[in-house]
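Working notes, beginning with the structure itself.
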Amino acid sequence: MGIDETISVIPYDEKWIALFQNEKINLLKAFGDDAIDIQHFGSTSVHGMFAKPIIDVLIGVKTLELSDSVTNKLTQLGYEGFGETGVKGRLYFRKRQEHAYNLAVVIWNGEQWVNNLLIRNYLRENPHAAKQYCERKLDAIRKGYTTLLSYSDEKADYVSNLLEQAKKSIGYGQIK
């Protein structure tokens, strides 16, 4: 399967929290001491957000040079690796089974780690911004951006602006 895929956006589902918690247990076993922290991020981590029904998992590591043991365990869990896929400093893995997961493996407390958690926390703390982002996502779908790459491209500038708002609002280094 290539990186591009058909996507949809659905209303928030309470089960997303439990799906993350259950998968986190599997990922902790797979990564062992290589994982410094594992966080739920993306729209499925923000209560009330419309989102792709794919649980986004942020895994903070010391190095992006993953051992064969870790990559083999991820494969056994059903994950497919795609490398950086255009995002410097992030290894992307995904699992498409009964439930869908995206893994972003990044340097813990590095730029990717901090930026993703800044956006998540900003949306959690600012319902108005979260609502506007929902509208933007639904508008992208209505316009026909229903593949991962086209959808991501359509909202890229908006996400970049969200990050700038989050940086101004929260500031660096205040990750919860």
Next on the checklist: Given the -39500 (n - 2.57) contribution per DSSP H run of 4+ residues, what per-residue ellipticity at 222 nm results for the chain, rounded to the nearest 500 deg cm²/dmol?
Outcome noted: -15000 deg cm²/dmol
Next on the checklist: I'd like the trypsin sites (Lys or Arg not before Pro) in segment 56-111 restricted to DSSP loop residues with at most 12 other Cβ atoms within 10 Å, sorted by number.
Outcome noted: LYS62, LYS88
Checklist outcome for this item: Relative contact order as a percentage, segment 114-176, C-alpha pairs under 8 Å and 6+ apart, gives 55 percent
Next on the checklist: Can you sort HIS99, HIS40 by solvent-accessible area, 1.4 Å probe, largest first?
Outcome noted: HIS99, HIS40
Checklist entry - Over the chain, what relative contact order in percent results from Cα pairs under 8 Å that are six or more residues apart? => result 22 percent
Next on the checklist: Quick check for you: with a 1.4 Å probe and neighbouring chains kept, what is the accessible area per residue of segment 1-140, in Å²?
Outcome noted: 49 Å²
Checklist entry - Just in segment 26-92: which GluC sites (Glu not before Pro) are loop by DSSP and have at most 16 other Cβ atoms within 10 Å? => result GLU65, GLU84
Checklist entry - Percent of accessible area on the chain owned by carbon and sulfur, 1.4 Å probe? => result 50 percent
Checklist entry - Over the alpha carbons of segment 48-127, what is the largest minus smallest coordinate on each principal axis, giving the biggest first in Å? => result 41, 31, 19
Item to check | Translational D in µm²/s for the chain (Stokes-Einstein at 37 °C, 0.692 mPa s, Kirkwood Rh from C-alpha pairs) | outcome: 198 µm²/s
Checklist outcome for this item: Those helices of the chain passing the 20 Å axial Cα length cut-off and the mean Kyte-Doolittle cut-off of 1.0 (DSSP H runs only) are none
Checklist entry - If you take every DSSP beta bridge whose two residues both sit in the chain, what share of them, in percent to the nearest 5, is antiparallel? => result 70 percent
Item to check | Hits among lysines - C-alpha to C-alpha of LYS52 under 20 Å, sequence gap 8 or more where chains match | outcome: LYS15, LYS24, LYS95, LYS131, LYS137, LYS143, LYS155
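The values are calculated or read from the model by the stated rules, or taken from the named source; none is laboratory data. The model shown is predicted, which means the values in this text are computed figures rather than measured ones. Because the Cβ atoms are built from the backbone with ideal geometry, glycine has one as well, and the counts that use them run over all protein chains shown. Surface accessibility is based on the protein's heavy atoms, side chains included, excluding ligands, DNA and RNA. Shrake-Rupley method; radii C 1.70, N 1.55, O 1.52, S 1.80 Å.
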